[in-house]
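**Q** I have a structure here, written as structure tokens, and I will follow up with some questions on it.
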Amino acid sequence: MLFDKLDNHPKLWLRLTILWMILIIILSTPLFTPKKTAKYTDKITTEINFRFIAHLVVYFILGFLLSGAVRLNFTWKNKLVMSIAICILYSIFDEFHQYFEPGRRLRLIDIGTNSIGSLFGIAVHYFIFLRVKKERNKGKY
């Protein structure tokens, strides 16, 4: 299983998380303002808000990757709380960064959407991890 293979490479989780965080910052630059991306996103958007879904998905991936990085690379007592705190703080940092970018703006609703996406990613990661751990322990008894 892919998840088992990733567990054998804890630094890979950390590298993927850092690369994803860099991608998020790049997506928050003036290159990706709503005005500049409208010709692409308007074709995708029908009755759903593409930007809302994009925030959820991007931060879902961040939450999932960060959970793996924290779970396998650090010895903090409460890794789940740390994962949640880092994702929410990164979302705040990302929106604050956008405040200073031309054509971008800080939106509190985006912080909430990002946080919800992160929470889902973290939950899915820990659900998969607990399931894999349970499967591994079945053969031991």
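**Q** What is the magnitude of the charge dipole of the range 90-133 about its Cα centre, with +1 placed on the Cβ of each Lys and Arg, -1 on the Cβ of each Asp and Glu, and no other charges, expressed in debye to the nearest 20? Write down the numbers at each step before the final one.
**A** Working: 5 positive and 4 negative charges, 46 e Å.
The dipole of the range 90-133 has a size of about 220 debye.
**Q** Ignoring everything but the protein chains, give the 1.4 Å probe accessible area of I92 in square angstrom, nearest 10.
**A** It works out to around 80 Å².
**Q** If you place +1 on the Cβ of every Lys and Arg and -1 on the Cβ of every Asp and Glu, how big does the dipole about the Cα centre of the range 57-141 come out, in debye to the nearest 20?
**A** Values: 12 positive and 5 negative charges, 144 e Å.
Roughly 700 debye, rounded to the nearest 20.
**Q** Tally up the carbon and sulfur contribution to the accessible surface of the range 52-116 as a whole percent, 1.4 Å probe, everything protein left in place.
**A** Working: 2640 of 3550 Å².
For the range 52-116, the apolar C and S fraction of the accessible surface comes to 74 percent.
**Q** Can I ask one more? Given points 7 Å out from each Cα along the Cα-Cβ axis, report the F52 to R131 separation in nanometres with one decimal.
**A** Between F52 and R131, the simple spin-label model gives 2.8 nm.
The values are calculated or read from the model by the stated rules, or taken from the named source; none is laboratory data. Keep in mind that what you see is a predicted model, and the values were worked out from it rather than measured. We place every Cβ from the backbone using ideal geometry, glycine too, and count neighbours over all the protein chains shown. Heavy atoms of the whole protein, side chains included, go into the accessibility calculation; ligands, DNA and RNA do not. Shrake-Rupley method; radii C 1.70, N 1.55, O 1.52, S 1.80 Å.
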